[in-house]
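Enquirer: Below are the structure tokens for one structure; questions will follow.
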Ligand code: S3P
């Protein structure tokens, strides 16, 4: 493990492009593997999670190559055309990879076994197995629906209409991907809209996808099964969830001004932007444009005095991965910030709600934690500050690691995290990019 230490930073300034979107990268590789012909992907996130998806798809028979210029070429096998893997597929740390591929493999009539690291092996998989069983797939898993999981795909999958019991784009996507090799129409009802990259990309590859808004809120997504997907070019935008870290750092470090170019601005992903603006953040969006079926823009962020607000539960799906860094911003806001509807944070790469609360308290922040909410008392712009000077366990959670490194930039004394390598699951090059802006993040004592 490489420990990292983030010491107080001078003003942050400069222009950076964050790496490609993780959600879109996984989906581009998967749909490329299920399409006929060639898919060329530019801007693919080359992080451990996405490389795990690429390796798994190769084991399932897809041809995947990286060109020297960074373009990835996928030669697909067609819908239902993947082959039985010779060994267990190791999905590393990636919940998205394993849950979406469980959906894909539910419609392939052979056995596929998935394993993962300690973090992934503790996360719930029952949420995807339940709808996929209704479609005819069978599963065996460790107790509690944990990895390793073996999927026995259905020879004759059955279309379903499934209402999501939790707001989860991964569960929605697993059902839709299983629906690809299923005759007839597969529908997912989502009471609260979640990121729609799967729907957008399925349509981009030629599938028939109909989205209806429900009068009682949420949407119904219907996919017509057994389409012929054809290989397509994909441009992956910068990951808003990665941009969130330099964004919050620039808001908090005095006298900063940072530009983040080519950031994905899918409205189902940008709840943090809305929240920070409500808190008083000076963030402007320029050059807004569509790119590869997704909205993209350049963000300019300047140091701002933030004030505490209440973030209601219905916003959680659009910013679910951003709470760790939002909590850091809230710690510096004037007054209290109340974050509601955080139950899902307990089943992320770690129990993020507990990790945020424990780490912030250790650093000297006052807060109250309930089963699904967090109330943070910010120190504001007055004489008070946050002592810091603590070591945080990342627990194989990249976003906990990055959020606390951001805290180290603005606390009185440095923050250390025990494991910097975990950041490579989503944001390779994080330390270099942040230091290029003026941060002060170093390996700790050869740690
Ligand atoms: C993702 C969905 C979200 C998110 C994850 C990526 C996706 O998970 O937290 O980082 O790509 O579909 P849930 O579906 O569990 O909310």
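Enquirer: Is it the case, given these coordinates, that residue 322 is within 15 Å of residue 394 (Cβ to Cβ), out of contact with any strand residue (DSSP E or B) (no Cβ under 9 Å at 6 or more places or on another chain) and within 11 Å of the ligand (Cβ to nearest atom)?
Expert: So residue 322 does not fit the description; no.
Condition check ((1) more than 13 Å from the ligand (Cβ to nearest atom); (2) part of a loop (DSSP other than H, G, I, E, B); (3) closer than 20 Å to residue 229 by Cα) across all residues:
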residue: 103; (1), (2), (3): no, no, yes
residue: 114; (1), (2), (3): yes, no, no
residue: 118; (1), (2), (3): yes, yes, no
residue: 130; (1), (2), (3): yes, no, no
residue: 144; (1), (2), (3): yes, yes, no
residue: 148; (1), (2), (3): yes, no, no
residue: 162; (1), (2), (3): yes, no, no
residue: 187; (1), (2), (3): yes, no, yes
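Enquirer: Whether any residue in the stretch 397-410 is farther than 30 Å from residue 314 by Cα and surrounded by fewer than 16 Cβ atoms within 10 Å (Cβ to Cβ) is what I want to check.
Expert: no
Enquirer: In the stretch 402-425, which residues are over 15 Å from residue 350 (Cα atoms) and assigned to a helix (DSSP H, G or I)?
Expert: 405, 406, 407, 408, 409, 410, 421, 424
Enquirer: Hey, among 359, 378, which residue is in contact with a helix residue (DSSP H, G or I) (Cβ under 7 Å, 6 or more places away or on another chain), in a strand (DSSP E or B) and more than 16 Å from the ligand (Cβ to nearest atom)?
Expert: None of the others qualify; the one that does is 378.
Enquirer: Out of all the residues in the stretch 1-18, which are assigned to a loop (DSSP other than H, G, I, E, B) and under 23 Å from residue 395 (Cα atoms)?
Expert: Listed by number, the residues that qualify are 1, 2, 3, 7.
Enquirer: So for the stretch 118-127 (the condition being in the same structural domain as residue 230 (by TED's automatic domain parsing) and surrounded by 24 or more Cβ atoms within 10 Å (Cβ to Cβ)), does at least one residue qualify?
Expert: Checked the stretch 118-127: at least one residue is in the same structural domain as residue 230 (by TED's automatic domain parsing) and surrounded by 24 or more Cβ atoms within 10 Å (Cβ to Cβ).
The values are calculated or read from the model by the stated rules, or taken from the named source; none is laboratory data. This is a predicted model, so every value here is computed, not measured. We place every Cβ from the backbone using ideal geometry, glycine too, and count neighbours over all the protein chains shown.
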